[in-house]
Amino acid sequence: MTQRIAAGALLMVLFKLLERSLGLISTLILARLLLPKDFGIVAMGMSLIALIELFSAFGLDSALIQRRDVTRDHYNTAWTFNVMAGCLVGLMMAAAAVPASHFYREPNLVLVIILLGVSSAIQSLENVGVVDFRRNLEFDREFRYMLTKKVVSFAIAIPLAFALRNYWALVIGTLLSRVVILGYSYVVHPFRPRFSLAASGDLMHFSKWMVASNLVAFLRERPADFIVGRISGPQSLGIFSIANQLASMPSTELVAPINRALLPAYARLADDPVALGKQYLAVMGVIALLAVPAVAGLAATAPFVIMLVLGPKWREAIAVLEVLAFFGITQVLQTNAYSAFLALGKPDVFVRINAFHVVALLIALFALTPTYGMYGAAWAYVISALIALPVNFVIITRFLSLRVLDLVIAVWRPLVSATIMYLVVIFDGREASEMLASSADAFLPLVRAVLLGVVVYITSSGLLWLLMGRPAGAESWLLEQAGEIWGKARKALRQIAGSR
């Protein structure tokens, strides 16, 4: 099971690396061609559609994966619910377009919101059969499917950006890419859905908590879209939105694909909480070892990243990114628990944890944003996450028959090593960050900071591991995997040399 999880997680991470490479190129081009206000207008529309979609986001793919006795009726019912929900979202978006434009004081939003609603209806028609890729642990097929979707979006959005030079490139690109992806979903899987509600009782028992979970997750992740957009306007919202996306990259691009592979694997261990707990700790250690330094490194190199990737007109995003990166660390440390709760059939527990987080976040946002704008909103995210994180740890350890100390042991070395790395990189790059005038000025300092950070982190992690007596954990597992890969590579090279 560990090997299958590792193989699946590796493919999902590889996909995210390729996707992020395309995303980075796309962001670089779009940021040069468009203004922060353009991103802010689209973020306003996307925040509304995300809110409306919450009430139709049943999480039916997770329900299909979690159930062991799935029939064709379950797939047909899931697809039918998706189509009904997508059409309803489209109608609701059209009805809400004018009121939303008045709320944000942005008249250009009306047609944007209507077209985004149409794209949501189109997306709902996608073939539900592709869920089988994850359900059956066929991560190679999942990899190809997801990568193709990203390439299609990239290939459509970039030419439109060059042609239109405004926010319509993002809106029309979203609409066209979903049309193409809809057809592709029926090419890659033979399942042909039919309208049916025969299995609605089975699916909705699980999915009612998924709707609640999605609603609470939205209130945890996107309230700033409404509050910052209303108080500070599209310019500040565009800056906050891009900084938040960058700060979330280690979670969305590294941890999320690992969790995508974990859910079906965890579901197979759900009957044995002790085994599931051991697997959870092992994965948590690897996630902390790889993702925590990525977030800390992003915080330390924020001036260079913003100037190089986005350019001088995005300079205000530097301070926001430096703060939100610490929010990203808390996200990295708690997202693995979501897959475990779903596998145990306990999505309601995660809903309650997130509800507590939301209350803390909303209080902090309303207290800080009116006075400090987008910077206050960034601090509100960090403060609320630090309040909610210990609660999450205590509850997940109880369900998996673990001690909080077990979790601390699994993650403390990466946290200490990342802190050392952050302080060293900040101190070394302080003078260079103050002299940035253009994108070109940021390239060499960023390369230097990354190389220094990698060396410091690996050295610190290795020394701590050795000082603790080489305990079994993420470090030893990664060394074992590296040894196996090296052994296979040497064997392949010997075979090539022998054949000559």
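When Asp140, Asp406 are compared by accessible area of protein heavy atoms, the largest-first order is Asp140, Asp406, using a 1.4 Å probe. Within the assembled protein chains, the solvent-accessible surface assigned to Ile409 is about 80 Å², based on a 1.4 Å probe.
Measuring with a 1.4 Å probe in the full set of protein chains, what accessible area per residue, in whole Å², belongs to the range 304-436? Before the final figure, lay out the partial values.
Numbers: 5490 Å² over 133 residues.
Each residue of the range 304-436 exposes 41 Å² on average to a 1.4 Å probe.
Just list whichever of Lys149/Lys488; Lys149/Lys278; Lys37/Lys150; Lys150/Lys488; Lys149/Lys491 have alpha carbons separated by over 30 Å in the model shown. Result: Lys149/Lys488; Lys149/Lys278; Lys150/Lys488; Lys149/Lys491 exceed 30 Å.
The values are calculated or read from the model by the stated rules, or taken from the named source; none is laboratory data. Only a predicted model underlies this, so the values are computations on that prediction, with no experimental measurement involved. Ligands, DNA and RNA are excluded from the accessible area calculation, which covers all protein heavy atoms including side chains. Shrake-Rupley method; radii C 1.70, N 1.55, O 1.52, S 1.80 Å.
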